[in-house]
Each structure stands twice: as C-alpha cells, then as structure tokens.
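Asks: Have a look at the structure that comes next, please.
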Amino acid sequence: MRQVIAPTGLWRDGRLHGGQELVIEGDRLVAIRPRSDAPAREVALITPLLSDLQVNGGGGVMVNDTPTPHGLRAIAAAHRKLGTGDILPTVITDAPEVAEAAADAVLACHGDTGILGLHIEGPHLAPARRGTHAARFLRPLDRRSVALVERLRGQGVAVMITLAPELADPALLAALVACGAVVSAGHSAASYDEAQAAFARGVSCVTHLFNAMDPMTSRAPGLLGAAIESEVACGLICDGIHVSWPMLRIALRARPRAGLCFAVSDAMATVGGPDHFMLYGAQIQVQDGRLINAEGALAGAHVSLRDCLVNLMQHVGLPPAEAIPMVTDVPRRLMGLAPRNIAVGMPARDLLILERGA
C-alpha cells in the first residue's frame, strides 16, 4: 500500500520544514520530497518518536513493582503506542534492593529500542519536599547508591539521579558527577545560594521544575529562582495540573535561552493502562485527570508525552519549532544521546503523526 502524507510542519535535522511530503510504501518511508500535486493526507505535524526522561510506569505496570526486563519492556511498549519511542524508566524512593533490581533490568535491556537507561528519583530527598515518596525509605546519599550509578555508567548506560543537593555529601556528589551521571536537583528545599553552589559542583538539571521545591518569593528565590535564571536543564510536567499554563509561560520566557527546558510526563501505570494502581501498598486513583493518593495529594501524572507536546502548543502557546525539541532533541542531548531523525528507509512506525486539530 502506498500513501502520501503532507504535513504542515516536518521536524527533521533539528528544525521545522514546510512544503514537504512523505511517501510511505508498506511499512517504510521511501521518499521525502517537495509538496507535489499528488493526492495526499494532510496532517499538522510529523516528528520522530518522542523521548521521555521521567516515566514511572505505563500499561498497568510500575517500575518499582516490576523492576524486571519484562516490566520495563511492557512500560516502554505502552508509551510507544502513545508516540514515545524512548523512555528513561524511573525508579522512585524505595528499599535499596528495588533500585538495584531496576538497574539489573536496565542492564539486561541495554541496547533495546525504547529503553534509554535509568532515572533514579530518590531516596536522597529532603523530607519536607518528599511529595508522595515514602518517608520510611528516605536516606542520605551513600556509597551504595554511588556504586550503583557507577556500575551502570561503567556499562555505558545513561543515568539520571534526582536528589536534594543541599543534603548530599560533597565527595559523594562529586563522584556521581565524575562518572558521567546527570545529577538533577529535585524534591529539595535548597536555598538560592545552595542551589547555585550545587550547579557549580556539576548538578546539571532540575527535576519537575516548580514541583517538590519551595515556592519562589520576593526575598527567597530558592531552587526555583536559581534554576530559572541558570544554564541548567529543567524538566517540566506539562499537564496543566502540576504547573499552570501561565506559570509554564513565565518560566519558559525567563530562561536565559532556548533549549534549556524539556517536557516529561512523570507518567504512572495508568497511562495506557487502568485508572488505578498500587503505590507503597495504597491505591492511587485517577480523578478528573489527576492521580490522587489516599491523602488527596498528587501522585505522579496521568499524561503522555504526546499530550504534553500538544499542551505546549495549544495551552502554553509555543510555536511548534519551540515545542517539538522539548520532547525530542533537548532531552536526548541532556543524556548525551544523538537525536532521533526522519530519513528515507526508516520504518513508518517510527513517525509520530499529529492530525490537524489534535
């Protein structure tokens, strides 16, 4: 079967192209050419599949509950159906053995399409900013966690580790930076000065900006203010629930330059799965698009990265050329990975097609 698709915008080679059409025969992209008079399916955008650096679960599976190769592949498959081609499975605060099992699973899957590495979120967090992370598992950064990250990095696996930098032993923090992990500040009560000091020591990212950190005030900008004016990368949950649309606009406009922010889903098992799951022995339920725990607090997000892209364009008002790299090239660059691209000969299933009005 042959089809011609004419997008308003085509993201290719790091920029948005207009006036192009793609020819697909069977399951392959066989041509990219200037728009012709041939009958075509007209769509809004075509991009490579997306890359998500914070995925706690999907398809009814949580990384923490099923830290196995089968579990990670099931989560990746659920997100692929929704337009995300690559994920960083995220293991949240738990017993040390759970993170170690997740690391073993990632090593077993290393090289699989769809699994970029591992995001370790906690347990080295500020108790006052732990959010839904279980208090009983919190602990200071220790040699056991550093050794785990070093083992993964020694095998060439991409690693992000989220911690409260103001509580981290400087020598252990330096070891994480030295091994090439992306060290991200999050679930932190760091002051502005503490955050700046952490950035100077090699903390190169901030996890879900605005969430699980002190609010910015006129006399205390805190981690939030330090992050916004810095050159570090910042992740944002773009569901309109964790951060309002006006606050997303303000943060994006206030950054020193483009290319410093990326979107994450912070997805839980309900994305591509049922409307509830268990976390730390308690049920988490979708209510009006929100994931709520027994205390009524947010417990991750019920959104896909494709939805985040649409939200950035429709609700935040970003032009496609600014929104698309936030879910494609920027997160991959942060992790030291080459961007996905669109090229003749690639499988058609590796294209994300957004219809008009999506």
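Asks: At 1.4 Å probe size, with every protein chain present, just tell me what the per residue accessible area of region 145-265 comes to in Å².
Replies: Heavy-atom SASA per residue in region 145-265 reads 36 Å².
Asks: Show ARG340, ARG144 ordered by accessible area, largest first, where the area counts protein heavy atoms only and the probe is 1.4 Å.
Replies: So, going from the largest accessible area down, we get ARG144, ARG340.
Asks: Could you do me a favour and compute the accessible area per residue for region 62-143, 1.4 Å probe, result in Å²?
Replies: 37 Å²
Asks: Are there cysteines in the chain with no second cysteine's Cβ under 4.7 Å away, and if so, which?
Replies: Singleton cysteines: CYS109, CYS179, CYS205, CYS234, CYS261.
Asks: OK, next. Which distance in nm do the two modelled labels at ALA338 and MET1 give, with both placed 7 Å along the Cα-to-Cβ direction?
Replies: 3.1 nm
Asks: How big is the chain on each of its three principal axes, counting only the C-alpha atoms and giving the largest first in Å?
Replies: Per principal axis, max minus min of the Cα coordinates gives 63, 46, 41 Å.
Asks: When ligands, DNA and RNA are left out and all protein chains stay put, how many square angstrom of accessible area per residue does region 308-358 have with a 1.4 Å probe?
Replies: 42 Å²
Asks: Give the ranking of CYS308, CYS179 by solvent-accessible surface, highest area first, calculated with a 1.4 Å probe.
Replies: So the residues, ranked largest to smallest area, are CYS179, CYS308.
Asks: Taking a probe of 1.4 angstrom, what is the accessible area of GLU355 in Å², to the nearest 10?
Replies: Ignoring ligands and nucleic acids, GLU355 comes out at about 80 Å².
Asks: On the protein heavy atoms, probe 1.4 angstrom, tell me the percent of accessible surface of the chain carried by carbon and sulfur.
Replies: Exposed carbon and sulfur together represent 52 percent of the surface.
Asks: Here is a further query. What is region 187-243 by shape, rounded, prolate or oblate, if you read a ≥ b ≥ c off the alpha carbon gyration tensor as root eigenvalues and call it rounded for a/c under 1.5, prolate for a/b larger than b/c, and oblate otherwise?
Replies: In terms of gyration-tensor shape, oblate.
Asks: Once you place label points 7 Å from the Cα toward the Cβ at ASP193 and SER36, how far apart are they in nm?
Replies: Result for the modelled spin labels: 6.8 nm.
Asks: Could you give the distance between the Cα centres of region 73-96 and region 112-142, to the whole Å?
Replies: If we compute the Cα centre of each part, the gap is 15 Å.
Asks: Something else now. For ILE250 and ALA108, calculate 0.36 nm times their separation in residues minus their Cα-Cα distance, and state this gained length in nm to one decimal.
Replies: 47.0 nm
Asks: Which of rounded, prolate, oblate describes region 1-129, given a ≥ b ≥ c as roots of the alpha-carbon gyration tensor eigenvalues and a/c under 1.5 marking rounded, otherwise prolate only if a/b is larger than b/c?
Replies: Prolate, because a/c is 1.5 or more and a/b exceeds b/c.
Asks: What percent do you get for the relative contact order of region 38-132 when only Cα pairs under 8 Å and 6+ apart count? Could you put the intermediate results ahead of the total?
Replies: Details: 149 pairs, mean separation 27.2, N = 95.
Averaging sequence separation for qualifying contacts and normalising by length gives 29 percent for region 38-132.
Asks: Between ARG201 and ALA147, take the C-beta separation as r, use R0 = 30 Å, and let me know the FRET efficiency to the nearest 0.05.
Replies: With R0 = 30 Å, the Cβ-Cβ based efficiency is 0.95.
Asks: Express as a percent, rounded to the nearest 5, the fraction of DSSP beta bridges in the chain (both residues included) that run antiparallel. Present the calculation step by step, with values, prior to reporting the outcome.
Replies: Working: 28 of 61 bridges.
Of all bridge pairs located within the chain, approximately 45 percent are antiparallel.
Asks: Within 10 Å, count the other beta carbons around each residue, average over each peptide in 277-289, 102-114, 70-82, and list them highest first.
Replies: 70-82, 102-114, 277-289
Asks: Given points 7 Å out from each Cα along the Cα-Cβ axis, report the MET346 to GLU295 separation in nanometres with one decimal.
Replies: 4.3 nm
The values are calculated or read from the model by the stated rules, or taken from the named source; none is laboratory data. Bear in mind that the values here come from a model prediction, so they are computed numbers and not experimental data. Counting neighbours? That spans all protein chains shown, and the Cβs are built from the backbone with ideal geometry, glycine included. The accessibility values were calculated without ligands, DNA or RNA, using every heavy atom of the protein model including side chains. Shrake-Rupley method; radii C 1.70, N 1.55, O 1.52, S 1.80 Å.
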